[in-house]
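Since the structure comes first, as structure tokens, the remarks are kept for the end.
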Amino acid sequence: MLHVATVHYKSPRWIEIQARHLRDHIAVPFQTWTSLEEIDPAYGVHFDHVIEQRGEHAGKLNHLAIEISGEAAEDDLIMFLDGDAFPIADPMPTITRGLANASMVAVRRSENLMEPQPHPCFTVTTVGTWRSLPGDWSAGFTWPGPRGGPRSDVGGNLLRTLELTKTPWVELLRSNRTNLDPIYFAIYGGILYHHGAGFRAGDPSGVHRTTQAPAPLRVPSIPGLGRVMAAVNGRRLRAWARRTQAGRIELSNEVFDEIQAGGSGWLAKLM
């Protein structure tokens, strides 16, 4: 049995899309587990199990795994799936091949500032492996960021556990032929779509700030001008963030509308 753990928060916009793609592309028996914080409970009809939850994303995923482990067999599979992610092809051949040689198959978002850790937009392992590691989606363990300082994110502690236990895992990397954005609208391993930031507008990501933000104006070595130029650079960065994020949200909505309408035209643009 395959158990799919996915979290939806505040917005139901991805629920029917995700449910449809799971039905269309997964032929093995599976059950879906979710939480629907601040979402109409009527959407629960799209899932087999709806668990009441509060808290951060990583904690919710850990809790869903606890609930699944309470009734699943050791050799059952658990698939973690972001709410704005879904299969675009049958993932089982990739999963079966991967788990024949390793204990976990997971997306690694190397395009996102070279993140090294498994990402919960798509991770699959056995219930027994998750119990024995033990699995934990929390951030905490760090790695060097783009400017050398320590960085952590969801999946950080899971990465460290895999390292300490010498547990091998198969990395699924971005496979887009066309990139509408450096980190969003991603295809992984030819089997998964992850929209990215599907539940929030947010600010430009670290990738956008690192690769696309305007370079700061040089601060002249004139007494008193340092603070003035710092303020000017701050205003320029904020204006860039507002301008580019507005365009990014518009593009996100356009892609979402195409996905919601059905068909494969939207996917052909990325593959």
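The values are calculated or read from the model by the stated rules, or taken from the named source; none is laboratory data. Given the structure is predicted, the values throughout are model-derived calculations rather than measurements. Neighbour counts are summed over all protein chains in view; Cβ atoms, including those assigned to glycine, are modelled from backbone coordinates with ideal geometry.
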Restricted to the stretch 239-262, and to residues that are modelled with pLDDT under 90 and of a type in the set (G, A, S), which residue is surrounded by the most Cβ atoms within 10 Å (Cβ to Cβ)? A241
Within the set of pairs 6 or more residues apart or between chains, which connect a residue that is farther than 22 Å from P12 by Cβ inside the stretch 251-271 to a residue that is surrounded by fewer than 12 Cβ atoms within 10 Å (Cβ to Cβ) and β-branched (V, I, T) with Cβ atoms less than 8 Å apart? K269/T178; L270/T178; M271/T178
So Y43 passes all but one of these: (1) under 24 Å from S138 (Cβ atoms); (2) out of contact with any His (no Cβ under 7 Å at 6 or more places or on another chain); (3) of a type in the set (S, T, Y). Which condition number does it fail? (1)
So D90 ticks every box in (1) within 14 Å of the chain's Cα centre (by Cα); (2) closer than 25 Å to W14 by Cβ but one. Which box is left unticked? (1)
For the stretch 141-161, enumerate the residues that are assigned to a loop (DSSP other than H, G, I, E, B) and either touching a residue at least 60 places away in the same chain (Cβ under 8 Å) or not hydroxyl-bearing (S, T, Y) (or both). F141, G145, P146, R147, G148, G149, D153, V154, G155
For G55, work out the one condition from (1) surrounded by fewer than 20 Cβ atoms within 10 Å (Cβ to Cβ); (2) in contact (Cβ under 8 Å) with a residue 24 or more places away in the chain; (3) closer than 19 Å to P120 by Cα it doesn't fulfil. (2)
Among the candidates V50, V4, single out the residue that is under 19 Å from H119 (Cα atoms) and surrounded by 17 or more Cβ atoms within 10 Å (Cβ to Cβ). V4
Considering the stretch 126-140 alone, what residues qualify as being touching a residue at least 12 places away in the same chain (Cβ under 8 Å) and over 18 Å from the mean Cα position of the chain (by Cα)? T126, V127, G128, T129, W130, R131, L133, P134
Looking only at the stretch 14-31, which residues are crowded, with 17+ Cβ neighbours inside 10 Å and touching a Pro at 6+ places or on another chain (Cβ under 6 Å)? H21
I'd like the residue in the stretch 152-170 that is of a type in the set (D, E, K, R) and surrounded by fewer than 18 Cβ atoms within 10 Å (Cβ to Cβ) and, out of all such residues, is farthest from the chain's Cα centre (by Cα). K166
